[in-house]
Amino acid sequence: MNQKMEEERAKEEETWSRETVPKVMRIVSSRLPQRDLISLLLVSPSLHRTLLSYSSLWLVIDLREMNNAGNRLIAALSMPRYQNVKQINLEFAQDIEDRHLDLLKTKCLGSLQNLESLNLNGCQKISDKGIEIITSACPKLKVFSIYWNVRNISDKSLQLVADNYQEIESLNLTRCVKLTDGGLQKILLKCSSLKSLNLYALSSFTDEAYNKISLLSHLRFLDLCGAQNLSDEGLACIAKCKNLVSLNLTWCVRITDVGVIVLAQGCTSLEFLSLFGIVGVTDKCLEVLSSFCSKMLTTLDVNGCVGIKKRRRDELLQLFPYLRCFKVHS
């Protein structure tokens, strides 16, 4: 009797290990950060096999802020489990250079064919040459971020992106200060599928480029913080982007009521708008903005707008009853 019970218990434990544990681990592991997931591989051979069998767990490589990132990336993409990787995050990673990207193209080209998202934020040793390698090796890129590359990224990189990624949906060029109107126009003329464009802290662009943002009919997010040369005329062209949901105009110092009124009339789906620091706008533009956008707007920053007299929270809520956030910048 005891032997039979022990056999049944052993059978139940085997079934539990074979069927239930893998199911539980699949649910749990899908919610873990990648670095924790990699640590789990070392727990036991059976868990190692179980985790590797779920290809959906290995679609992301996260090397944010890590040292020796270039060699780590090459080693990771050499592993079979990353052969279908879709997202690589190298934000502020150290020791990633053009030569590493060149090695990736030579050794791991097959693993880059399904890559959709690449974050190179703060990777200041990547140059136009690196961007050329990326555009030739990663044909399906839809999300590309090269924030804060102040020295090595020029209009040549934008030409490469425009020529190779006409279906790109999100592009972050924040603080890439060597870029000019000519480079940005290449993007705006060819990348008509863009939904998100971040041009934060790029003060050299002019209306010659801003006017062509109107070509981006699918655009939903636009960050122009610090666009010191943007005029009401340029903003009127941007107002043709009817699907715009989020617009950052912080420190766009040439903007006046004229531009904001045209914006309100054209972009009636706005949920986020920052006018922080613009002294040329008054209560007049807020009244028009309320007429067209009051049912959608949940974030509005008018701090530092000295021409707007009704800036208190209760006064803004009378115009925009759904506001939840009144301060974007500190």
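The values are calculated or read from the model by the stated rules, or taken from the named source; none is laboratory data. Here the structure is a predicted model, which means the values were calculated and not measured. Cβ atoms come from the backbone with ideal geometry, glycine included; neighbour counts cover every protein chain shown. We work out accessible area using only protein heavy atoms, side chains counted, and drop any ligands, DNA or RNA first. Shrake-Rupley method; radii C 1.70, N 1.55, O 1.52, S 1.80 Å.
Scan Ser196, Ser192 and give me the residue that is modelled with pLDDT of 95 or more and surrounded by fewer than 17 Cβ atoms within 10 Å (Cβ to Cβ).
Ser192
Could we say that Gly122 is out of contact with any Leu (no Cβ under 7 Å at 6 or more places or on another chain) and free of Cβ contacts under 8 Å to residues at least 60 places away in the same chain here?
yes
Any idea which residue in the stretch 275-330 is surrounded by the most Cβ atoms within 10 Å (Cβ to Cβ), counting only those that are in contact with a Gly (Cβ under 6 Å, 6 or more places away or on another chain) and not β-branched (Val, Ile, Thr)?
Out of the qualifying residues, it is Phe276.
Residue-wise test of (1) under 20 Å from Ile96 (Cα atoms); (2) in a loop (DSSP other than H, G, I, E, B); (3) touching a Pro at 6+ places or on another chain (Cβ under 7 Å); (4) at pLDDT 95 or above.
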| site | (1), (2), (3), (4) |
| --- | --- |
| Gly130 | yes, no, no, yes |
| Thr135 | yes, no, no, yes |
| Tyr147 | yes, yes, no, no |
| Gln166 | no, yes, no, yes |
| Tyr200 | no, yes, no, yes |
| Asn211 | no, no, no, yes |
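So, in the stretch 82-93, exactly how many residues are crowded, with 18+ Cβ neighbours inside 10 Å and not in a loop (DSSP other than H, G, I, E, B)?
So the count comes out to 3.
Here is a yes/no grid of residues against (1) open to solvent by 10 Å² or more (accessible area, probe 1.4 Å); (2) in a loop (DSSP other than H, G, I, E, B); (3) farther than 24 Å from Asp155 by Cα:
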| site | (1), (2), (3) |
| --- | --- |
| Leu73 | no, no, yes |
| Ile96 | no, yes, no |
| Ser111 | yes, no, yes |
| Gly122 | yes, yes, no |
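When you go through (1) part of a loop (DSSP other than H, G, I, E, B); (2) closer than 25 Å to Arg324 by Cα one by one for Phe205, which number turns out not to apply?
If we test Phe205 against (1) part of a loop (DSSP other than H, G, I, E, B); (2) closer than 25 Å to Arg324 by Cα, just (2) comes out false.
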